[in-house]
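What follows is a short report on a single structure.
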Amino acid sequence: MEERAGARRRPPMAVAPPPPLLLLLLLSVCCSAVAAAASGAPVGEDYVRPPAAASVHRKALISLFPWSNSKKQAASSSSDPQQVHISLAGEKHMRITFVTDDNSVPSVVDYGIEAGTYTSTSQGESTSYSYLMYSSGKIHHVVIGPLNDNTVYYYRCGGHGPEFQLKTPPSQFPLSLAVVGDLGQTSWTTSTLDHIKQYEHDMLLLPGDLSYADYMQHLWDSFGTLVEPLASTRPWMVTEGNHEKERIMFFKSGFQSYNARWKMPFEESGSTSNLYYSFEVAGVHAIMLGSYTDYDESSDQYAWLKADLEKVDRKRTPWIIVLLHAPWYNSNRAHQGEGDSMMAAMEPLLYAAHVDIVIAGHVHAYERVERVFKGGLNPCGAVHITIGDGGNREGLARRYRNPKPAWSVFREASFGHGELKIVNDTHAHWTWHRNDDEEPVRTDDVWINSLAGSGCIQDSSHECRKILMSP
């Protein structure tokens, strides 16, 4: 197999000699493995996270209450932009989202490649919503571009106010992705975000459960403020989780706040819903699925997914990555079976398209699964990763099922984040970093080979094409 558990085994060798960059990364992996072995520190199921320092625990508890002073950072002016975050919006375009308390502020973004010099201006749209006793600010969505790849841009929102800067992703490998799920707004969340900040990434992927507002709408505002330092500089591509529902029977339909605040490129990818969409970056085709909207074979999402997969060109995008919230392969006792019906409907489509990696959240722990299909090991199936451990207020899911399934390689109940560096068409390097308060500790480390470079596609291309093109 191409994978390994923990950082204790040597990384697998590719069939062809690896390029120099791979050799350097392999050397780094081996060094970390030696250090971990020498320290004797437990990893995986043997690891028990020590209690947080008293000050950290106290801050986490305080953060649960709506009157916490840490939750609201007032803008210096009601017309100043708040909660700024960016996301991809089609090829060479970026969507800038920001909120203002002043409804007269225009939905415009000025931008350029030199600080303080704005050579282009884009106009966008705005929305707002009411939820029981709460009324949102004016939520602006402005698409800028076309933009150059791998370039720093400076921008300001609403025609005045502070200057922000962003960096566009590269057009070719290597591509570095930060991955975190079930983020929330605790001191553990802050620690996780601090660790991600140390990682030079091109984009962040989040498979659901963002703010944990859970009907308390002001917590969407505080979440936007919390993530702005990172989310305003690199695109955040997210999908919904169960905590984004916020449905009140007979009064409020689900996902109103999420859809208003976190608009993703669903229209650009031919979807009719912000709850599922796809995008391409460098040589990756990424698909964000909705675990909490219809997904059976008669659903719009199923039809869209089939059409989207059928259009993928593996020469243009040799990697296919899927994100969703409720995991399909899960050996933790938490949320058992909640992804089974979605897996039954959609896993055959992902297998037919030779999806490389499926990333989920929901379970508040980390787990990595070997390539699987229909519940069993399969070299042409997807690697599954559960990473619902960003720092949420509900705590960790510490209990696992035993004996451990054959497909489960590594599992640990700790807060943390993942880093996926796609080196080239055939090799990607995945690491998971346990959040030990001040220190991000690399605990799981593996090389993954793309199925585009294997015999899987050639061996089953005709049969798989029939599945994707069938009515």
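Could you tell me what percent of the accessible area of the stretch 77-168 is made up of carbon and sulfur, with a 1.4 Å probe and every protein chain present? Don't jump to the answer; show the numbers that get you there.
Working: 1780 of 3930 Å².
Roughly 45 percent, rounded to a whole number.
In straight Cα distance, which lysines are under 16 Å from LYS167, not counting same-chain residues fewer than 8 positions off?
The reachable lysines, counting only those whose Cα sits under 16 Å from LYS167, are LYS92, LYS197.
With a 1.4 Å probe and all protein chains left in place, how much accessible area per residue does the stretch 77-168 have, in Å²?
Values: 3930 Å² over 92 residues.
Spelled out: the 1.4 Å probe surface of the stretch 77-168, per residue, equals 43 Å².
Near the amide H of ASP209, under 5 Å away, which other amide H atoms are found, from residues 5 or more places off or on another chain, if H is placed in the peptide plane?
Answer set, sorted by chain and number: GLY241, ASN242, HIS243, GLU244.
What's the center-to-center distance, using Cα atoms, between the stretch 383-425 and the stretch 288-309 in Å?
25
Can you tell me the accessible area per residue over the stretch 170-469, all protein chains present, probe 1.4 angstrom, in square angstrom? Let's see the in-between values first.
Working: 10120 Å² over 300 residues.
The answer is 34 Å² per residue.
In sequence order, what are the phi-derived ³J(HN,Hα) couplings for the stretch 104-109 according to the Karplus relation 6.51 cos²θ - 1.76 cosθ + 1.60 with θ = phi - 60°, rounded to whole Hz, with x for glycine and proline?
7, 5, x, 8, 9, 9
List the aspartates and glutamates whose Cα sits under 15 Å from the Cα of LYS245, skipping any in the same chain fewer than 8 residues away.
Output for LYS245: ASP182, ASP209, ASP214, ASP294.
What distance in nm separates the simple spin-label points at ASP296 and ILE113, each placed 7 Å from Cα in the Cβ direction?
Distance between the two pseudo-spin positions: 5.3 nm.
May I ask you to rank CYS380, CYS157 by accessible area, largest first, using a 1.4 Å probe over the protein chains only? Don't jump to the answer; show the numbers that get you there.
Working: CYS380 30, CYS157 0 Å².
I get CYS380, CYS157, largest accessible area first.
SER253 to ILE467: FRET efficiency via 1/(1 + (r/R0)^6), r the Cβ-Cβ distance, R0 30 Å, to the nearest 0.05? Show your work: numbers first, answer last.
Numbers: r = 33 Å, r/R0 = 1.11.
It comes to 0.35.
Mind giving me the nanometre distance, one decimal, between the label points for SER77 and HIS93, set 7 Å out from Cα along Cα→Cβ?
Between SER77 and HIS93, the label points sit 3.0 nm apart.
At a Cα cut-off below 29 Å, give the lysines reachable from LYS404, other chains included and same-chain residues fewer than 8 away excluded.
Partners within reach: LYS374, LYS421.
Mind listing the long-range amide H neighbours of TRP262? Cut-off is under 5 Å, sequence gap 5 or more, other chains count too, H placed in the peptide plane at 1.01 Å from N.
Those qualifying (amide H under 5 Å, at least 5 residues apart or on another chain) number zero.
Got a number for the accessible area of LYS311? Probe 1.4 Å, square angstrom, nearest 10.
We get 140 Å² for LYS311.
In nm, what is the difference between 0.36 nm times the number of residues separating GLN165 and GLU125 and their Cα-Cα distance?
Details: separation 40, 0.36 × 40 = 14.40 nm, distance 2.10 nm.
This chain segment gains 12.3 nm when fully extended.
Could you derive backbone 3J(HN,Hα) for the stretch 368-382 from the dihedral phi with the Karplus parameters 6.51, -1.76 and 1.60 (θ = phi - 60°), listing whole Hz in sequence and x where the residue is Gly or Pro?
Running phi through 6.51 cos²θ - 1.76 cosθ + 1.60 with θ = phi - 60° gives 10, 10, 4, 4, 9, 7, 6, x, x, 4, 7, x, 9, x, 8 Hz.
Taking the Cα atoms of the stretch 360-458, report the difference between the largest and smallest coordinate on each principal axis, in whole Å and largest first.
46, 31, 18
Determine ³J(HN,Hα), in whole Hz, for all residues of the stretch 130-145 in sequence, where each value follows from phi through the Karplus function 6.51 cos²θ - 1.76 cosθ + 1.60 and θ = phi - 60°; x replaces Gly and Pro.
For the stretch 130-145, the Karplus curve yields 10, 9, 6, 8, 9, 10, 6, x, 7, 9, 9, 10, 10, 8, 10, x Hz.
The values are calculated or read from the model by the stated rules, or taken from the named source; none is laboratory data. Please read these numbers as outputs of a predicted model, since none were measured by experiment. Backbone-built Cβ (ideal geometry, glycine too); neighbour counts: all protein chains shown. Just the protein is used for accessible areas: all its heavy atoms, side chains included, with ligands, DNA and RNA removed. Shrake-Rupley method; radii C 1.70, N 1.55, O 1.52, S 1.80 Å.
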